[in-house]
Amino acid sequence: MKKTQSTCNYCSLSCNLDFYVENNRIVKVLPTKGYSVNDGFACIKGLNLDKQLSRHKPSPRPRIKKADGTFEIVSWDDAISGTAKKLLEIKAKYGPESIAALSTAQMPFEEMALFSHIIRGYMRGNCDANTRLCMATTVFAHRGAFGFDSPPYALKDFELSDTIILIGSNPVVAHPAVWHRIRKSAKPGRKLIVIDPRKSETAQHADYHYPIKGKSDLKLFYILANYLIEKGWIDNNYIKNYTDNFGAFKAFLADFKLENAKADTGLEPEQIKELAEHIHNGKAVSLWWCMGINQGYEAVRTAQSIINIALMTGNIGRPGTGANSLTGQPNAMGSRLLSNQAILPGGGDYDNIIRRAACATAMGIPDSMLPDKPTLTYNVIVEKINAGEIKALWVVHTNPRHSWTNNETFQKAMEKLDLLIVNEIYDDTDTSANCDVFFPVVPALKKEGTFINTERRISALRPVLEREPYEHSDFEVFLKMGEALGMGELLSKWRTPRDVFNILRQCTKGMPADFTGVDYDGIVNTKGIQWPFREGETLTDNDRRLFENGVYFTPNMRAKFVFEKPMANPLPTSKEFPYVFNTGRGTVGQWHTQTRNREIPEVQDVISQNAYCLINDQLAESLGIAESDMVEIASVNGETATFEARLTNSVQANEIFAPIHYIETNKLTPSLYDPISKEPSYKTTPVALRKIG
């Protein structure tokens, strides 16, 4: 029996798993003992990776839509050559920006980089990723405060913290391995605090739960910061020696008084005083945020308001501290750093002459082939399709017909395109079911490459199973497409995932995320390595945090307090739409749009097959709604959807919560985005509610 250690490609923790294989069949999956992230623990999704393609397995050959709307299975050569011809025709007729792509953070960064090399570099199109839906906010927050997109923590800090504050984060459901660490490390006096409008599964286990009004986080942290300053509960030495702009921040906070707390945040002044005392009394305070913060209409400034709390109290750079973002997808850090969407690979703006030269040399291409500006963002790509300006779209391992905000707009976009290409392991997702060209590709179990997880840890993805006849990886599809498009020698250094890893490693040289000391084969069967890890360095600790020396990545090497006056809510509740519609994960076993977890029998046996929503029991009573009644929710975006009612006291009286795993949910979310990150505001949509019948 052969054992292979590889990386789970579900959530951002990128746990490692040991796969035991006989006759090219997985007979056992066990979490890797001693691995720094999960150390012998895994959730139901990772433990069932062997189920992928067990119930629904498409043909290993491509599928093409014919003129009459029916589908035909064709050879790989015919599909790739025909698709390349169409892409070149569209480019010639409408220009390079008529071609766009939407990628994912669920595949190795070598594949992401090759894809961008073709779409952005050679074709001069636009390519964004579904990291825009979850982590774009954090990227901009880090850049503003730290000078670089740099999550400062190690996951081990959960175990070293005496005061854990979770903000818009529900690890019981979203990050089970994190919750395992929190529970495992519980000790007398350790405080677990949750700030969330909903009494989530995590809040139900917390020592303190602060149920704020939806999207009042920014005002909360400004009021909290002002109160900490008034009490003198700040670290003046840290502020003086390692930060900038505190004086202006202090003056700005003068208007954020405790007496406004109830109206602004829904919390009583005494609750905010209590929260401040927890922070003041803690020796190692860590603040963790997730999608509840990132997915909002002023999300970047909210994330930076959390960073400000950590900086002003000196809770950063020490064990058990930090202003820490939990990522959504397994390779979101790899996507942010290396896939060429908004920065040069490894970091650096497109107008940085020195960085352009370094990347062009590493990639073996002329400087002119590098993009000269950030990609069009996800929302603009969809808008330009619907405006008739983008004619061809290539979607890779994401399901925007389901997951995109206000998702009926993506249905309209699909209908307007001249060419829709989809790479997927399933041919029946909401997006792949009716595309023009379907490329069936293998799952991660049959791939090789590299992931970077939420704590900057680089880990190896290695093939667990051998491929069957006609099966292709995304890397092979991209490479063949590049050849068919005429790239020739521009692909000479991009022939294998190992080649691309070495290119990207060289691109990071001298940058904050330098991982020139990481060897492609050397990380196999290890505990993973966090960046930075420079050539010539010796690894002395598997769990490392940034900023321990107080040196940041800004030009003057000091962290910056960043702040701005809160915006008026662009979509407030009204007489017509009096309730707030909130969204999030449903259960541990469900993942995103449920294309993969549907193959796990234990999950399917316990989850609802129909869309449901959680309604406050008092609100339900006032509207005559009983448990399991069917209800209609009408959104301010003009759409309506039907849900089964679940009554609870875990949501506030004016709030309705629905899991993201049902297509009905994002039918109702609006086309509203943070002005800086362009991340959708998924969390607080004004809606109306009525019982059907």
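The Cα atoms of segment 599-672 give a gyration tensor whose axes a ≥ b ≥ c have a/c of 1.5 or more with a/b no greater than b/c, which makes the shape oblate. Take the alpha carbon gyration tensor of segment 208-311, find the square roots of its eigenvalues, order them as a ≥ b ≥ c, and report rounded if a/c is under 1.5; if not, report prolate when a/b exceeds b/c, else oblate. Cα axes put segment 208-311 in the rounded bin. Using a cut-off of 18 Å between Cα atoms, the listed pairs Lys91/Lys391; Lys215/Lys678; Lys416/Lys678; Lys384/Lys667; Lys231/Lys560; Lys28/Lys446 include Lys416/Lys678; Lys384/Lys667; Lys231/Lys560 as exceeding that distance.
For segment 92-105, 3J(HN,Hα) computed residue by residue from phi via the Karplus equation (6.51, -1.76, 1.60; θ = phi - 60°) reads 5, 7, 10, x, x, 7, 7, 10, 9, 8, 10, 10, 9, 10 Hz, glycine and proline entered as x. Relative to one another, the C-alpha centroids of segment 113-166 and segment 359-403 are positioned 17 Å apart.
When you restrict to C-alpha pairs under 8 Å that are six or more residues apart and normalise by the size of segment 198-265, the relative contact order lands at 47 percent. Ignoring aspartates and glutamates fewer than eight residues from Lys447 along the same chain, the ones with Cα atoms less than 12 angstrom from its Cα are Glu110, Glu111, Glu466, Glu471, Asp474, Glu476. Looking at this model, which pairs from Lys412/Lys480; Lys57/Lys156; Lys51/Lys213; Lys2/Lys65 are more than 32 angstrom apart at the alpha-carbon? From the list (Lys412/Lys480; Lys57/Lys156; Lys51/Lys213; Lys2/Lys65), the Cα-Cα distance tops 32 Å for Lys57/Lys156; Lys51/Lys213; Lys2/Lys65. Modelled spin labels at Ala67 and Arg124, positioned 7 Å past Cα toward Cβ, are 3.2 nm from each other.
For Ile26, no residue 5 or more places off, or on another chain, has a built amide H under 5 Å of its own. Per the Cα gyration tensor, segment 222-265 maps to an equivalent ellipsoid with semi-axes of 22, 11, 7 Å, ordered largest to smallest. Computed with every protein chain present, the accessible area of Met414 is close to 30 Å² [probe 1.4 Å]. Rolling a 1.4 Å probe across all protein chains gives Tyr242 an accessible area of roughly 80 Å². The order of Lys416, Lys667 by accessible area, most exposed first and with a 1.4 Å probe, is Lys416, Lys667.
With Cα atoms defining each centre, segment 200-255 and segment 589-613 are spaced 38 Å apart in the structure. The residues of the chain have, on average, 36 Å² of accessible surface per residue, using a 1.4 Å probe with all protein chains present. Within the same chain, aspartates and glutamates fewer than 8 places from Lys45 are excluded, and of the rest, those with a Cα less than 12 Å from its Cα are Glu599, Glu602.
Residues whose amide H falls under 5 Å from that of Thr163, counting only those 5 or more places apart or on a different chain, are Lys191, Ala284, Ser286, with hydrogens built in the peptide plane.
Prolate is the label for segment 60-144, because the ratio a/c of its alpha-carbon gyration tensor axes (a ≥ b ≥ c) is 1.5 or higher and a/b is greater than b/c. Sequentially through segment 75-90, phi angles give Karplus couplings (6.51, -1.76, 1.60; θ = phi - 60°) of 6, 4, 4, 5, 5, 6, 5, x, 5, 4, 4, 5, 4, 5, 5, 5 Hz, Gly and Pro residues having no value and appearing as x. Structural descriptor for the chain: relative contact order 20 percent, calculated from alpha carbon pairs under 8 angstrom and at least 6 residues apart.
Using the rule -39500 (n - 2.57) for each DSSP H run of four or more residues, divided by the residues of the chain, the 222 nm mean residue ellipticity is -8000 deg cm²/dmol.
Couplings 3J(HN,Hα) for segment 23-33, derived from phi with the Karplus relation 6.51 cos²θ - 1.76 cosθ + 1.60 (θ = phi - 60°), are 6, 6, 9, 6, 9, 7, 10, 10, x, 5, 6 Hz, where x marks Gly and Pro. The spread of Cα positions in segment 370-474, taken along each principal axis and listed from longest to shortest, comes to 43, 34, 28 Å. For the pair segment 265-328 / segment 431-500, the C-alpha centres are spaced 38 Å from each other. Each Lys or Arg adds one and each Asp or Glu subtracts one; over the other residues with Cβ under 13 Å from the Cβ of Ala362, this totals +2. Of the beta bridges in the chain, as assigned by DSSP with both residues counted there, near 45 percent are antiparallel. Within a straight-line Cα-Cα reach of under 13 Å, Lys3 can be paired with the following aspartates and glutamates, leaving aside sequence neighbours fewer than 8 residues apart in one chain: Asp18, Glu22. Farthest towards the positive end of the charge dipole of the chain, among the residues Phe439, Pro171, Val606, is the Cα of Pro171, using unit charges on the Cβ of Lys, Arg, Asp and Glu.
Entry for the chain at q = 0.09 Å⁻¹: log10 I(q)/I(0) = -0.76, Debye formula applied to identical alpha-carbon scatterers, no solvent contribution. Surface composition of the chain: carbon and sulfur make up 48 percent of the accessible area, probe 1.4 Å.
Probe 1.4 Å, all protein chains in place: accessible area of Asp418 in Å², nearest 10? Spelled out: Asp418, probe radius 1.4 Å, area about 80 Å².
Under a 5 Å amide H cut-off, with hydrogens placed 1.01 Å from N, Tyr673 pairs with Ser681 among residues at least 5 apart or on other chains.
The values are calculated or read from the model by the stated rules, or taken from the named source; none is laboratory data. Keep in mind the model is a prediction, meaning the values are calculated, not measured. Cβ: placed from backbone, ideal geometry, glycine included. Neighbour counts: every protein chain shown. These area figures cover heavy atoms from the full protein model, side chains too; ligands, DNA and RNA do not enter into them. Shrake-Rupley method; radii C 1.70, N 1.55, O 1.52, S 1.80 Å.
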